[in-house]
Amino acid sequence: MVYPFELPTTSHLSFQTVLSSRTHPSLPQSATTARHALRLTLKAHNRLPCGPQRDSHLTSVLSAINDYLPHIVALAQGLNGKPIDGTADPAIPQIEQIEVTQQSEFEPEWRATLASSSISLKSSRSTASRTRGPGLPYELAFTLTTLGYVLSSLARTGVTRTLYASATPSVEQRTTALQTATKHLLQAHTIHSLLSSSSYFTTALESSTAPDLAPASQAALSSLALAEATLLSVLKDDSYVVACIQARNPNDKDWMVRAPEIPKVRAHLFARLCIRAGEYAEQAATGLGSVGAEGRRAGIDEDIVKYARVLGLVARARACRFFGVDAELAGKIGEGIAWLRVAKGALGLRSTAATEEPTTKSRGLSKLKQGFRERREERRMEKSAGGERLEKGELGPGDNAGREEEGRVLEMLETKWTRMNDTINTQLIPSSADYLANLPSGRDVLPPQPAFKLPSLDELHLGQMRAPPTEAELSPGSDIEDSDVESPEEKAPGAFPERTDSAYY
């Protein structure tokens, strides 16, 4: 339940042609070299097919960003004349004073992947139009935004690889994967929060048309990352979802030895945490939907807006499920069933009681239809996660917020509890009409995160940049091509090279 962000790409930019440094003459050229490596890495990432290859390449993108970010921060700080928001404490003296002079105006180009007019990787790999922005603030903001997307993608990859592996993970493996994913999401949250609140970015990018960099977008992305991190912190101890995934794993053989363990949980606490996650998701959906309303910027792609809305519904449904678990643990199984039906109603699912037929034959047919529907939904989710084009009427990215998994858990619990109530307890199931409207307030589980600190160059690298650039550094390689995808003129892998003369050997 982490959104699959598409990473942006950028065009060629030579800092040494527009910036100069009296104190560190090699800094602009070194920044150009690091940017060149990042640009090639982003292009290579988008050319990879969706799946394990692209997921494994995320670490290379992260390394390229971490190598480039200190250089662009040093340029921005030297041009600004003082530490910008997000750097170290201004009271702490710097190792070296950097002076940067701008020789001419320039506008870096980046592709806004959240724009409603951009072409998504789920439908095509064509190049979308890029947007331009004013100078270093735009360049630094888009680099940080890309870093936030990479961290969210790493969190998504870690969760899916662990929970949906062919071999059922152990409790320690699941806990480690979810804690690492939560750490990535919290770091992405602090990055987007810095971009939405720092006056250095909000003032300089006021005239930018890129919807990704709008303060409302960055604030919404910050809330979205916090919602996802809160749900992952609950999922770490949610044995019901794990048992449901394990039951659908055809390679799992643990059922031959023992049934899945579902220990008692702090159900009431988890319910309030899920409510808080739903509030964050609703804030994100509202913020993303408001971008572009003033007409200056393009709107946000409906995929991520829909995802945030569905994530809020899933969080509230999960809260209702935990209230039902709390009631069932207290011996109130009738009230627990009512809570499950409230949760299914929040997700737009019909209750099992409404679809049961009076005869055995009808029940068998209903079960067969339900199994067919679940298999069809799984195939659609695999296509959506793999970046394939979805047919008309199929599930889209907004449904990839954990809705199907939560629906299966609710179905499993309602079937089990209804059978128990019909044969053993026979408690009256109360009306669930007012349950959803009377939910308590949410509660935060994650501590307040410290502000994101922009990285800086160390003393050794700054000392090396006091020397003028060498001839080899002045020609780091060709970086003029602006295409984000393979050119049709490029040779296919394994093709014979063109013959340059008439000699045969």
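The values are calculated or read from the model by the stated rules, or taken from the named source; none is laboratory data. Everything numeric in this text was worked out from a predicted model, so none of it was measured. Counting neighbours? That spans all protein chains shown, and the Cβs are built from the backbone with ideal geometry, glycine included. Note: areas computed on protein heavy atoms with side chains; ligands, DNA, RNA excluded. Shrake-Rupley method; radii C 1.70, N 1.55, O 1.52, S 1.80 Å.
So, residue 149, is that one more than 16 Å from residue 56 (Cα to Cα) and within 18 Å of the chain's Cα centre (by Cα) or not? It is false that residue 149 is more than 16 Å from residue 56 (Cα to Cα) and within 18 Å of the chain's Cα centre (by Cα).
Among the criteria (1) at pLDDT 85 or above; (2) over 29 Å from the mean Cα position of the chain (by Cα); (3) closer than 30 Å to residue 235 by Cβ, the one residue 428 does not fulfil is (3). Applying the criterion of being over 22 Å from residue 62 (Cβ atoms) and aromatic (Phe, Trp, Tyr) to the residues of the range 158-211, the residue that is surrounded by the fewest Cβ atoms within 10 Å (Cβ to Cβ) is 164. A search for C-beta distances below 7 Å between a residue of the range 6-24 that is closer than 27 Å to residue 45 by Cβ and any residue that is open to solvent by less than 10 Å² (accessible area, probe 1.4 Å) and of a type in the set (Phe, Trp, Tyr), counting only pairs 6+ apart in sequence or on different chains, returns 7/149; 8/110; 8/142; 10/110. When restricted to residues that are assigned to a loop (DSSP other than H, G, I, E, B) and surrounded by fewer than 21 Cβ atoms within 10 Å (Cβ to Cβ), the range 8-47 contains 9. Residues in the range 202-229 that are under 22 Å from the mean Cα position of the chain (by Cα) and either over 20 Å from residue 407 (Cβ atoms) or of a type in the set (A, V, I, L, M) (or both): 19 in all. With respect to (1) part of a loop (DSSP other than H, G, I, E, B); (2) of a type outside the set (Asp, Glu); (3) at pLDDT 85 or above; (4) open to solvent by 30 Å² or more (accessible area, probe 1.4 Å), the lone exception for residue 454 is condition (4). Entry remark, the range 2-37: residues being farther than 30 Å from residue 181 by Cα and charged (D, E, K, R) number 1 in total. Tallying residues that are touching a residue at least 60 places away in the same chain (Cβ under 8 Å) and within 22 Å of residue 137 (Cα to Cα) within the range 41-76 yields 14. Any residue at all in the range 214-236 that is buried (at least 16 other Cβ atoms within 10 Å of the Cβ), acidic (Asp, Glu), in a helix (DSSP H, G or I) and modelled with pLDDT of 85 or more? Within the range 214-236, one or more residues are buried (at least 16 other Cβ atoms within 10 Å of the Cβ), acidic (Asp, Glu), in a helix (DSSP H, G or I) and modelled with pLDDT of 85 or more.
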